[in-house]
Amino acid sequence: MNPKTTISAKASDFDRKWYLIDAEDQILGRLATQIADILRGKNKVNFTPHVDCGDYVIVINADKVQLTGKKLDQKKYKRHSGYLGGLKETSAKEMLEKHPERVIEHAVRGMLPKNKLQKKFMNKLKVYSGNEHPHEAQQPEVLEIVTKGSQS
């Protein structure tokens, strides 16, 4: 083989692992960047940007994730129904109380590329608000996320 040729990996070249991440007392943005890198496969040696080469991620205790500063009150999640006057806003505090999974999903989605692969990456993310998850059969590897500035 010519040493100057670039090897482009295929999706079949990767074996998918399952990782379990505990979001308790983790800072939302720092946690989301780590999750996005694992979903994309940027932690692998043969990362290829146009191929889905990432792993599955299970996040538990999503309701115990931390936001820094005044984001709990000032951060707004917006959605629109499509009708006139259909803009709805929800604060981060309300979102954490009602749907804590969506806070992490929203943060991770914003850190993924905006292309056709984004949906594939998001399908590999499983977020649960409690301590339990139904993926014991996949034997997930516990991944300790140590972020600079976390309160651990």
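The values are calculated or read from the model by the stated rules, or taken from the named source; none is laboratory data. What you see is a predicted model; the values in this text were computed from it and never measured. As a convention, Cβ positions derive from the backbone with ideal geometry for all residues, glycine included, and neighbour counts pool all protein chains shown.
Structural remarks
- Taken together, the criteria exclude Lys124 from residues that are under 15 Å from the mean Cα position of the chain (by Cα) and more than 19 Å from Ala62 (Cβ to Cβ).
- Number of residues in segment 85-110 that are under 12 Å from the mean Cα position of the chain (by Cα) and under 24 Å from Gly130 (Cβ atoms) equals 9.
- Checked against (1) in contact with a strand residue (DSSP E or B) (Cβ under 6 Å, 6 or more places away or on another chain); (2) surrounded by fewer than 16 Cβ atoms within 10 Å (Cβ to Cβ); (3) part of a helix (DSSP H, G or I), Leu72 meets all criteria but (1).
- In segment 1-34, residue modelled with the highest pLDDT [restricted to those that are hydrophobic (A, V, I, L, M, F, W, C) and part of a loop (DSSP other than H, G, I, E, B)]: Ala23
- Matching residues, segment 94-108, being of a type in the set (A, V, I, L, M, F, W, C) and either under 18 Å from Thr33 (Cβ atoms) or without any contact (Cβ under 8 Å) to a residue 24 or more places away in the chain (or both): Met95, Val103, Ile104, Ala107, Val108
Table: residues versus (1) among the hydrophobic types (A, V, I, L, M, F, W, C); (2) within 11 Å of the chain's Cα centre (by Cα).
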residue: Phe14; (1), (2): yes, no
residue: Leu20; (1), (2): yes, no
residue: Ile27; (1), (2): yes, no
residue: Gln34; (1), (2): no, yes
residue: Asn43; (1), (2): no, no
residue: Tyr56; (1), (2): no, yes
residue: Asp63; (1), (2): no, no
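- Members of segment 35-59 that are closer than 22 Å to Met95 by Cα and outside any strand (DSSP E or B): Ile35, Ala36
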